[in-house]
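The values are calculated or read from the model by the stated rules, or taken from the named source; none is laboratory data. Just so it is clear, the structure is predicted and the values come from calculations on it, not from any experiment. So basically every Cβ, Gly included, is an ideal-geometry build from the backbone, and we count neighbours across all protein chains shown.
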Amino acid sequence: MSKQKITIAVTGLNNTDNPGPGVPVIRGIKESTVFDARIIGLVYENLEPGIYMEGLCDRIFQIPYPSSGSDELIERIEAIHSSEKIDVLIPNFDAELFSFMKNEERLANQGIHTFLPGLKQFQEREKDKLEEFGKKYGVKVPGSLNMGSLSQISDLEAKFDYPVMIKGQFYDAYVAQNDEQVKQFFHKISAKWGFPVIAQEFVNGTEVNVIALGDGKGNTVAAVPMRKQYITDKGKAWGGITLADDKMMELTRNLIQKTKWRGGMELELIKTNKSEYYLIEINPRIPAWVYLAVGAGQNIPEALVKLALGQKVEPMTEYKIGKMFVRYSYDAIVDLEKFAAISMNKEI
Amino acid sequence: MKITGEIKISDNGFVFNSRTGDSFNLNPFGLELLKNIETGKDFDQIKNDVLDRFDIDDLTFEKDFYEFCALLKHHQIISQDDPLDFK
């Protein structure tokens, strides 16, 4: 059977020590048995490593940060579409998702398909609303306090014992052992990610994660649980292993069924010594370790593309247990011309 | 006392708990003890076999065996319905 020719645009080619999911998403798509994909890499910075990885993207375009305004970003996508004819767009950053969700219909009218959560789904799982989310869907979550100013430290101390987690709205999380550290992290995070800064109860246990894909009708199309084996100083997984954990799978399926989640997601959970699971975060997109799921037998990027195109996807229930990923860094030697092209022309 | 369902034991002594993601390395004697537990041998059978083969008194063996089992239990490699059951 011949493969379906298709053009897919992907963001998140920043395969750094804080990696975006773009490169592993593309690897999954390239291993597809049904799609023969032409890949358009969309980058924000001219040193994103995915630009320089041989054989990864067919074309590369620089796009403006969503902070420049949604319209500017979408107009740039439309301009790229006029020459490249994008069939499916897979955004991979939390910060850009809002712009793409808001303009889903505008993009779809031009033939650019996406498969993203709805605005309500996206907003109700935000970190500063996690407590209400837990109550609504019957999931254990740590207590939290949204901080707009340092005067709330006394509220924080009344509510929680140290240590506490101090988190940004989109990224960054630190463990604070005392009020001095709370102040330090509060300033650091608010300067970068704005307000509120979220103080979260520290739950002792092992961090475990699930990557999943919901079809928007309550069905779990794919789900693979993983435990990080090696964590960088930025808290990123540098090695991980798939688990056999029925409780995690049940929790995931229940959550997708109740929320009717649409698109990729990552559940970040803490498993306590009593085998209780606390949901600490939901990332509303495919995580950077997605290639482990592909290697374990669930090609989530391929399934997401099918869903975006309105094709039928049978739920994937099997995966290899004990499959590991180990990341590595690699020095690519690059000619100046390529760097000059992306810097000056904003495309390669 | 039984090995939990998620445990995979390799012949080279590598033990993997697929529920927690933990892995352990056993020396040949540790592997032998674990295999004996896996096959359902009770404490007396294991003890008699060890006392026949090694120059060790039964009190020392019992102490070391219970310590080993406590470690296996802590890492969720074995489960015991009764904490005093070493059969």
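So which residues in the stretch A:159-186 are surrounded by 16 or more Cβ atoms within 10 Å (Cβ to Cβ), farther than 19 Å from A:ASP94 by Cβ and among the hydrophobic types (A, V, I, L, M, F, W, C), if there are any at all? Once the filter is applied, which keeps residues that are surrounded by 16 or more Cβ atoms within 10 Å (Cβ to Cβ), farther than 19 Å from A:ASP94 by Cβ and among the hydrophobic types (A, V, I, L, M, F, W, C), the stretch A:159-186 yields A:PHE160, A:VAL164, A:ALA176, A:VAL182, A:PHE185, A:PHE186. When we screen A:SER32, A:SER2 for residues that are assigned to a loop (DSSP other than H, G, I, E, B), at pLDDT below 95, among the polar types (S, T, N, Q) and over 20 Å from the mean Cα position of the chain (by Cα), the only hit is A:SER2.
Sort through A:GLY69, A:GLY20, A:GLY55 and tell me the only one that's at pLDDT below 95 and within 20 Å of the chain's Cα centre (by Cα). None of the other options fit; the residue is A:GLY20. With respect to (1) within 14 Å of another protein chain (Cβ to nearest Cβ); (2) at pLDDT 95 or above, the lone exception for A:LYS274 is condition (2). Looking only at residues of the stretch A:288-334 that are hydrophobic (A, V, I, L, M, F, W, C) and closer than 20 Å to A:GLU54 by Cα, we find that the one that is nearest to the other protein chains (Cβ to nearest Cβ) is A:ALA288. In this structure, does B:LYS73 turn out to be assigned to a helix (DSSP H, G or I), of a type outside the set (A, V, I, L, M) and either closer than 19 Å to A:THR206 by Cβ or within 14 Å of another protein chain (Cβ to nearest Cβ) (or both)? So B:LYS73 fits the description; yes. Within the stretch A:162-199, being at positive phi and either assigned to a strand (DSSP E or B) or assigned by TED's automatic domain parsing to the domain that holds A:LEU279 (or both) holds for no residue.
Among the residues making up the stretch A:210-257, those that are more than 14 Å from chain B (Cβ to nearest Cβ), among the aliphatic types (A, V, I, L, M), in contact with a Phe, Trp or Tyr (Cβ under 8 Å, 6 or more places away or on another chain) and in a strand (DSSP E or B) are A:ILE211, A:ALA212. Anything in the stretch A:276-298 that is charged (D, E, K, R) and assigned to a loop (DSSP other than H, G, I, E, B)? List them, or say none. Passing the criteria: A:GLU276, A:ARG285.
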